[in-house]
Amino acid sequence: MSDPGEALASAKAAADRIVRAKRLNACLTPPKELRQSLTKQAQAAHPSGVLYGMPVAVKDNICTLEFTTTCGSRILEGYRSPYEATAVAKLKAAGALIAGKTNCDEFGMGSSTEHSTYGRTLHPFDKTRVPGGSSGGSAALVAAGAVPAGLGSETGGSVRQPASFCGIVGIKPTYGRVSRSGLVAFGSSLDQIGVFGRSVHDAARVLSVISGRDPRDSTCEARDSLRLPTVPESLQGFVIGIPKEYFPPDLAPAVRRACDRAIRLLKELGAAVREVSLPHTQYAVPTYYIIAPAEASSNLARYDGARYGPRFDGARDVRALYRTTRGEGFGPEVRRRILVGTYVLSSGYYDAYYRRAQQMRALIAQDFRNVFDRGVDLLFTPTTPTPAFKAGEKLADPVAMYLSDIFVVTANLAGLPAMSLPIGRVKGLPIGGQLIGQAFLEDEMIEAAYALERVVPAAQDA
Amino acid sequence: MSVTDEDVLKIARLAELDVDEETLPVLTEQMSRILEFVAQISAVPASESAKPFVPGPDAVRFRPDEVKPWPLAFGPSEFAPAFKAGFFVVPKLGQFEEPEA
């Protein structure tokens, strides 16, 4: 596409589709504002850009100038950022259109997009179920066909888990591949912007555009943008490890069947497949739920009603202002995580929890290095233990909710690239398979995904 | 590791969060369960040799130490709850040191 007329038509069609998908509660931007902005963006877009005219929905914890950035929270209701995220600036420079802001668990804390102050997002194929989270709004819009691609963010699987639940492709890049500038901080040593696409190619080309160095983020590696691989004829020469800890006895039978079928297909494509072990996997979720809340308790200290966002009653003194604003502005899951984070960092508990978790994180990262050092190129696992669960099913039990991320948090802890792609269905619900790659070797991971995507019967029951 | 209502209130004070009496029992029960769940990492002997893992570049890049205006699209008067004459306006400081409950 290089014709301004086509870009305008693309903008209008995207707005129509997003508005038609309103019942999902996936897009937080009001229809009128969305239409006006998309038209304006299409008129100003760069025709020479590689994503010219492509509508991309953006999770509401990524700063944009066009729309509010609320992080799904009451504490940022109506907030307009005075700057935009580097990833968003790169998308616009490539000619893409920012197609509204999408619903998410508050500040990215959740696995179901039920913890948003703006209501839950519905699963695109079954309204009684969740789309996953925390980037459930972007995932639902892509899965519903409203946009070809979307941005999400991951701290502990928040792109791959909803991608798996919604039957689309979700990529989390290596920590440091994409700038975090303008991504509202949750767990700074874990956070990364990720991408959703209806196909591996759509997701990969958006990732390629937003990747690369950024002087505004010192944790972003000084590397060139990701170069897209070509679609391979076979996977001859690839060694793919199957970590036995990701196939526990209580894995949902349909998920196991879909994975077994995908593994058979990887072998037929020419890959050498071998069983491997990541022995500290069982400690990944507890480790994550110490480190992430600890970092969140620090990062979210900035929301105090003094500098930005709404101010809730607390006129008595500044401390009352802090407490009432934070007490009323944050939802229950965020409050819970701030409290857990403050607890594990507090005097007397730091060594038992936080220091221990840091050591465990090192052991989990070492597990991956050991496997890759023995000649394994990639790992293949289920993305989630079950397909999308029912809305409300895990709300009263935070630990049960946390365990739905059991196969995805390891890549965040180890800073590795990982992606989910659809590999089958059960009773109409999608099942995702996960590829985990070596740091900064997203191209190899995407190459294998291209090959698997071509042969796997993703729409068939496993 | 169980926590009591008093523990939760103390942590809430440290975190500058109001917790109402209605939600306190549920919060205490949920925090206890979360802390018991995460405490399972203590089952693995502490490895003093395991250095903390930090992803990203090996060393933070240094930038020239110079003052530059941040290219904001608009200033704090437009995004702050209260802003006057170049200052963020807040209520009086009040009493920060509270006796331990």
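Electrostatic tally near A:ASP191: other residues with Cβ closer than 10 Å to its Cβ, Lys and Arg +1, Asp and Glu -1, net -1. Exposed loop sites, defined as GluC sites (Glu not before Pro) outside DSSP H, G, I, E and B with at most 11 other Cβ atoms within 10 Å, are absent from the longest region of chain B, namely B:67-96. By definition, a body whose alpha carbon gyration tensor gives a ≥ b ≥ c is oblate when a/c is 1.5 or more and a/b is not larger than b/c, and chain B fits this oblate description.
Sites listed here are chymotrypsin sites (Phe, Trp or Tyr not before Pro) in region B:1-93 whose DSSP assignment is loop and whose Cβ has at most 16 other Cβ atoms within 10 Å: B:PHE62, B:PHE74. Per residue of B:69-80, other chain Cβ atoms within 10 Å of the residue Cβ number 3 on average. Taking a ≥ b ≥ c as the square roots of the eigenvalues of the alpha-carbon gyration tensor, the protein assembly as shown is classed oblate because a/c is 1.5 or more while a/b is no larger than b/c. Within the accessible area of chain A, the carbon and sulfur atoms contribute 50%, probe 1.4 Å, all protein chains present. Computed about its Cα centre, the charge dipole of region A:110-236 is approximately 80 debye, with only Lys, Arg, Asp and Glu carrying charge at their Cβ.
Take each residue of peptide B:25-36, count the partner chain Cβ atoms within 10 Å of its Cβ, and average: the result is 4.
Between the listed residues A:ALA96, A:THR174, A:ALA222, the Cα displaced farthest toward the positive end of the dipole of the protein assembly as shown, a dipole computed from Cβ unit charges relative to the Cα centre, is found at A:ALA96.
Keeping all protein chains in place and using 1.4 angstrom, which order do B:THR4, B:THR28 fall into by accessible surface area, from largest down?
Working: B:THR4 65, B:THR28 10 Å².
The ranking, largest first, comes out as B:THR4, B:THR28.
Among A:441-451, A:159-169, the peptide with the highest mean count of other Cβ atoms within 10 Å heads the list, and the full ranking is A:159-169, A:441-451. Summing charges over neighbours of A:VAL159, with a neighbour being any other residue whose Cβ is under 11 Å away from its Cβ, gives +2 when K and R count +1 and D and E count -1.
Taking 7 Å steps out from each Cα toward its Cβ at A:ASP317 and A:LEU403 produces label points 4.6 nm apart.
Antiparallel DSSP bridges in the protein assembly as shown: what percent, to the nearest 5?
Numbers: 30 of 45 bridges.
Antiparallel: roughly 65 percent of the beta bridges in the protein assembly as shown.
With R₀ fixed at 35 Å, the C-beta to C-beta distance from A:SER48 to A:ALA222 puts the FRET efficiency at about 0.85. Peptide A:210-220 is shielded by partner chain Cβ atoms: per residue, an average of 2 of them sit within 10 Å of its Cβ. Across the cross-link table entries A:LYS101/B:LYS10; A:LYS394/A:LYS427; A:LYS394/B:LYS51; A:LYS59/B:LYS10, which are compared at the Cα atoms, the separations over 25 Å belong to A:LYS101/B:LYS10; A:LYS394/B:LYS51; A:LYS59/B:LYS10.
Tell me the mean residue ellipticity at 222 nm calculated for chain A from its helices only (DSSP H runs of n ≥ 4, each -39500 (n - 2.57), averaged over every residue, nearest 500).
Mean residue ellipticity, 222 nm, calculated: -11000 deg cm²/dmol.
Under a model in which nothing but the beta-carbon of Lys, Arg (+1) and Asp, Glu (-1) is charged, region A:373-462 shows a dipole of about 440 debye around its Cα centre. The loop-placed trypsin sites (Lys or Arg not before Pro) in region A:390-462, going by DSSP, that have at most 13 neighbouring Cβ atoms within 10 Å of their Cβ come out as A:LYS427. Classify region A:22-141 as rounded, prolate or oblate, taking a ≥ b ≥ c as the square roots of the eigenvalues of its Cα gyration tensor: rounded when a/c is under 1.5, otherwise prolate if a/b is larger than b/c and oblate if not. In terms of gyration-tensor shape, prolate.
Placing +1 on the Cβ of every Lys and Arg and -1 on the Cβ of every Asp and Glu, with nothing else charged, gives the protein assembly as shown a dipole about its Cα centre of roughly 1300 debye. Residues in region A:319-343, backbone N under 18 Å from the label point at B:LEU93 (7 Å along the Cα-to-beta-carbon vector): list them, ranges by number please. Answer for region A:319-343: A:319-323.
The residues neighbouring A:SER73, those whose beta-carbon lies less than 12 Å from its own, together hold a net charge of -3 under the Lys/Arg +1, Asp/Glu -1 convention. Between A:ALA459 and B:GLU22, the modelled label-to-label distance comes to 4.9 nm, taking each label 7 Å out from Cα in the direction of the beta carbon. Judged by the mean number of other Cβ atoms found within 10 Å, the most tightly packed of the peptides A:21-33, A:129-141 leads the ranking A:129-141, A:21-33.
The values are calculated or read from the model by the stated rules, or taken from the named source; none is laboratory data. Here the structure is a predicted model, which means the values were calculated and not measured. Quick reminder, even Gly has a Cβ in these numbers, built from the backbone with ideal geometry, and neighbours come from all protein chains shown. Areas reflect the complete protein model, heavy atoms only, side chains present, ligands, DNA and RNA absent. Shrake-Rupley method; radii C 1.70, N 1.55, O 1.52, S 1.80 Å.
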